Structure formats: structure tokens, C-alpha cells
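Novice: Below you will find the structure I want to go over with you.
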Amino acid sequence: LGQTTSFSSHLPYALPLIIAGDYNCELSIGSCVSAFITNAPDDSTSSQPKEGEEDTKSGMEEHKIRECASALRIPLTSVTPDNVKHWHSLYDDVKTYVYDNCWVLKRAKTGPTRMALDHDESNDNTTESNELCLKPWKLDHFVYTSNTLEAIKYWSTLEDDAESFKTGLPNERVPTDHLPLAAMFKILPHAQLDEGLRKQLIASLEELELKQDADTRSTVAAIDKEKIDLEEKLQSQELVKVEEKPKRKKKPHPEMIQHIRQSRALKKQLKQTQTKEREQFVSGRCVLERMELQHALEMTCNEWIEKGRAK
């Protein structure tokens with residue numbers, strides 16, 4: 001999906017985007033693919049937790065472990081801490097990618113397109129009458145930017161195909177293992193941030209950057225002055241002898257070493273403080289505000305939070 005970044009990076013507002021195809025998964029809660037649509041809470045077919053059921057950290061953690069096992073095709077009891085760590089990393093990468101591109105993604109409410117054997121390891125794929133145990137799968141999806149598109153029509157799937165639902169796919173009537181999908185979308189005018197709010201947002205951004213720039217210059221100036229004063233003090237006490245052509249570099253005086261360490265600690269603390277200030281500035285911003293910020297910054301909000309804007 002790297003090429004899709006261009007949809008969001010060159011304009012204040014993202015262009016309509018549809019990501020369609022065979023995802024080979026059901027966008028279940030805890031799956032990494034479901035992280036693409038976690039900011040579309042009004043989609044009843046999305047992977048959002050049901051109210052009062054999966055909205056806790058422990059509940060979501062259980063689902064991530066389950067989806068990790070499913071993706072690796074291993075028993076739940078065989079999932080290792082390293083597996084879980086990598087799954088969390090991948091899940092977070094997807095959420096960050098969506099956030100950085102200011103996407104508001106939603107899934108079209110299409111039904112199951114695949115009827116096949118149940119992969120559940122606890123299922124021996126037979127019933128008491130020795131019939132194959134089939135399960136409907138939602139593996140094919142239309143995921144789209146819901147703030148620029150509306151899914152107004154789409155083909156029905158296995159819910160309207162009783163024969164395929166019973167016999168599975170492919171069969172004598174349907175020669176493919178997935179039913180085809182089609183959808184019709186209506187292009188919506190992209191909402192825009194009020195001009196007054198936009199100017200206020202950019203002014204607040206510039207004010208914070210000016211403050212941080214002044215704080216940085218003030219800190220550096222104070223450190224430099226302290227270094228000069230310390231050098232003069234050491235020379236006046238003749239604790240540092242200056243040679244015209246020293247044969248080798250001498251180790252700094254203990255007081256100078258202490259000054260260097262304190263200076264590094266002070267700069268580190270300032271960097272952490274400014275990073276926190278930028279994080280608080282972005283936190284809670286709506287999608288439209290983040291789009292405007294990223295257009296003004298010419299970088300993602302996360303990149304700006306991490307390293308600021310080069311002057």
C-alpha cells in the first residue's frame with residue numbers, strides 16, 4: 001500500500017480511495033487487517049468490539065492472540081510471547097499507517113463469498129450423518145474512505161444462493177471458489193475545516209514552534225555561556241595549561257566533564273519536553289485538523305511529534 005500514500009500526501013484533503021479484493025481473512029477483531037478500519041465505528045460489519053463485550057484491553061488482547069494463532073495456522077496453546085510481540089508490532093504499524101494518511105475507512109456490508117470446510121481445529125469437518133461441515137466465509141471486501149464515498153449498492157452473495165450455501169464452492173453452477181462482488185459508490189464532497197478554525201489552528205502551530213525554537217536557543221546559549229565561564233575559571237586558576245603545540249589531546253578537567261554531562265542531560269530533557277508538547281498539541285485533533293497540519297508541516301503528525309520541523 002505504499003503507493004497509496006500519494007492519495008493523502010499532496011493535498012490537504014484525501015482523495016476517494018477503494019481497497020477491494022480477496023483479503024483472505026474476515027477482518028475479525030484483533031486481526032491486523034481489521035486495524036485498517038478501526039476508525040469507522042459506525043460500520044456494524046467492521047471489526048469493532050460489541051458494546052460491553054470486547055471494549056477492554058484484556059478482551060482485545062485475547063482476540064489478538066486468537067487471530068495470531070489463526071494467521072500462523074497453529075493451536076492457540078502454541079502461540080509464543082515472541083509471536084504475540086510481532087503481532088502487536090504489525091497491528092500497531094497498520095494503525096499508524098492509517099493515522100498518518102488520515103484515512104477514515106469503512107467496509108461495504110457485503111456478505112460471505114466463500115463456502116468451504118470449517119478450519120476450526122476442534123471441528124473434525126463431519127457431522128453425525130457423515131456430511132461435510134461447511135462454513136460461510138467473508139473473505140472478499142470493499143474497504144473505502146467513508147468521508148469521501150458512500151456504498152449505495154452492492155451485489156448479494158451466499159445469503160441469496162441456497163444451493164451454493166448447501167453444497168459449497170465451486171459447484172456445478174458456480175465454477176469459482178469465491179462468488180464475484182460488485183459495488184456502486186457515490187462520491188461525496190469532502191468536508192473541510194472552517195476557514196476561521198483553520199487559521200486559528202495554523203496560528204497555534206506557529207506559536208508553539210516559535211516558543212520551542214526560543215526555548216532551544218535560550219538553552220543552547222546558557223550552556224555555551226556556562227562553558228566559556230568555566231574555561232575562564234579553570235585558566236585563571238591555572239588548572240588547565242595551554243600548550244602551543246600539544247603532542248596529544250589531554251583529557252578534559254573533571255569540572256568540564258561534569259559540565260558536558262549536565263549539558264547533554266539538559267538537552268535531552270528539553271527534547272523530551274518539546275516532544276511531549278507536540279504530542280499534546282496533536283492529541284485529540286479530528287481528521288480534518290490533522291490533514292491541515294500535515295499539509296502545513298509537509299510531514300506526518302507522528303514525524304513532527306518525534307523530531308519537529310527543521311528550521
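Novice: Which one of these is without any contact (Cβ under 8 Å) to a residue 24 or more places away in the chain and either open to solvent by less than 50 Å² (accessible area, probe 1.4 Å) or among the polar types (S, T, N, Q) (or both): Ser218, Ser204?
Specialist: Working: Ser204 fails: without any contact (Cβ under 8 Å) to a residue 24 or more places away in the chain.
Result of the check over Ser218, Ser204: Ser218.
Novice: Quick one: in segment 294-311, which of the residues that are more than 23 Å from Leu270 (Cα to Cα) and in contact with a Leu (Cβ under 8 Å, 6 or more places away or on another chain) is most open to solvent (accessible area, probe 1.4 Å)? Please lay out each step first, then the result.
Specialist: Looking only at segment 294-311, we keep the residues that are more than 23 Å from Leu270 (Cα to Cα), and these are 294-296, 298.
The next check asks that each one be in contact with a Leu (Cβ under 8 Å, 6 or more places away or on another chain); those that pass are 295-296.
On the way: His295: 90, Ala296: 37 Å².
Top of the filtered list is His295.
Novice: Also, quick follow-up: Which one of Gln235, Gln212 is open to solvent by 70 Å² or more (accessible area, probe 1.4 Å), out of contact with any Gly (no Cβ under 6 Å at 6 or more places or on another chain) and either closer than 30 Å to Glu289 by Cα or modelled with pLDDT under 95 (or both)?
Specialist: Details: Gln212 fails: open to solvent by 70 Å² or more (accessible area, probe 1.4 Å).
Answer to the selection: Gln235.
Novice: Now a separate question. Filter segment 172-189 down to residues that are farther than 18 Å from Ser156 by Cα and touching a residue at least 40 places away in the same chain (Cβ under 8 Å) and give me whichever is least open to solvent (accessible area, probe 1.4 Å). Walk me through it before giving the result.
Specialist: Taking segment 172-189 first, the residues farther than 18 Å from Ser156 by Cα are 172, 186-189.
Next cut, touching a residue at least 40 places away in the same chain (Cβ under 8 Å) only: 187-188.
Numbers: Ile187: 124, Leu188: 50 Å².
That would be Leu188.
Novice: Follow-up. Out of (1) on the phi < 0 side of the Ramachandran plot; (2) modelled with pLDDT under 90, what's the single condition that is false for Asn125?
Specialist: (1)
Novice: Tell me the residue from Ala71, Ala151, Ala116 that is surrounded by 15 or more Cβ atoms within 10 Å (Cβ to Cβ) and modelled with pLDDT of 95 or more, please. Break it down stepwise before answering.
Specialist: Numbers: Ala71 fails: modelled with pLDDT of 95 or more; Ala116 fails: modelled with pLDDT of 95 or more.
It is Ala151.
Novice: Same structure again: Among (1) open to solvent by less than 60 Å² (accessible area, probe 1.4 Å); (2) at pLDDT 95 or above, which single condition is Pro81 missing?
Specialist: All conditions pass for Pro81, except number (1).
The values are calculated or read from the model by the stated rules, or taken from the named source; none is laboratory data. Note that the structure is a prediction, hence the values are computed from the model and not measured. FYI the Cβ positions are ideal-geometry reconstructions off the backbone, even for glycines, and counts take in every protein chain you see. Each accessible area value is taken on the protein alone, full model and side chains, heavy atoms only, with ligands, DNA and RNA left out. Shrake-Rupley method; radii C 1.70, N 1.55, O 1.52, S 1.80 Å.
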